[in-house]
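Report on one structure; see the data block that follows.
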Amino acid sequence: MATCADCFLKYLWWSAFYSGSSGFGSHSQQVQNAYARSNMYFWIVIVLELITLVFVWGAMKPRANNPSGVLSQGARLAASLTLTVAGTGLLALFLAWIQPGVR
């Protein structure tokens, strides 16, 4: 989750750079590089979130007496998704707070 949060902050930084400097013709190569990096970090965040979701989902073991129905698996998946997204968001907030001048 920490790596995903760091990549999310990099995605936000490169997206802000790309959207803020797209009108400058003299920096067109820099703008294209910013777009490529923004796009790359976006897909890295998506893949890392899915990997984290799988790990969190696997760590949530159902009870032995609970039948493994569709409803319980759906609730397990929803809880895993909520924990993954919330955890990544909180870590991104924490990283942005402790590293204000790094990006």
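The values are calculated or read from the model by the stated rules, or taken from the named source; none is laboratory data. For clarity, every value in this text was computed on a predicted model and none was experimentally measured. Every residue, glycine as well, gets a Cβ built from its backbone with ideal geometry; the counts of neighbours run over all protein chains shown.
Being surrounded by fewer than 15 Cβ atoms within 10 Å (Cβ to Cβ), among the β-branched types (Val, Ile, Thr) and modelled with pLDDT of 90 or more holds for only one residue in Ile51, Ile98, and it is Ile51.
Within region 1-21, residues that are within 11 Å of Arg37 (Cα to Cα) sit with their Cβ atoms under 7 Å from residues that are of a type in the set (Val, Ile, Thr) and part of a helix (DSSP H, G or I), at 6+ positions apart or across chains, in these pairs: Cys7/Ile44; Cys7/Val45; Tyr11/Val45; Tyr18/Val31. Pairs are defined by a Cβ separation below 6 Å, a sequence spacing of at least 6 or placement on different chains, a first member in region 27-42 that is surrounded by 14 or more Cβ atoms within 10 Å (Cβ to Cβ), and a second member that is not aromatic (Phe, Trp, Tyr); the pairs so defined are His27/Ser21; Val31/Ser21; Val31/Ser22; Ser38/Ser15; Tyr41/Cys7; Tyr41/Lys10. Being basic (Lys, Arg) and at pLDDT 80 or above is a description that does not apply to Arg63.
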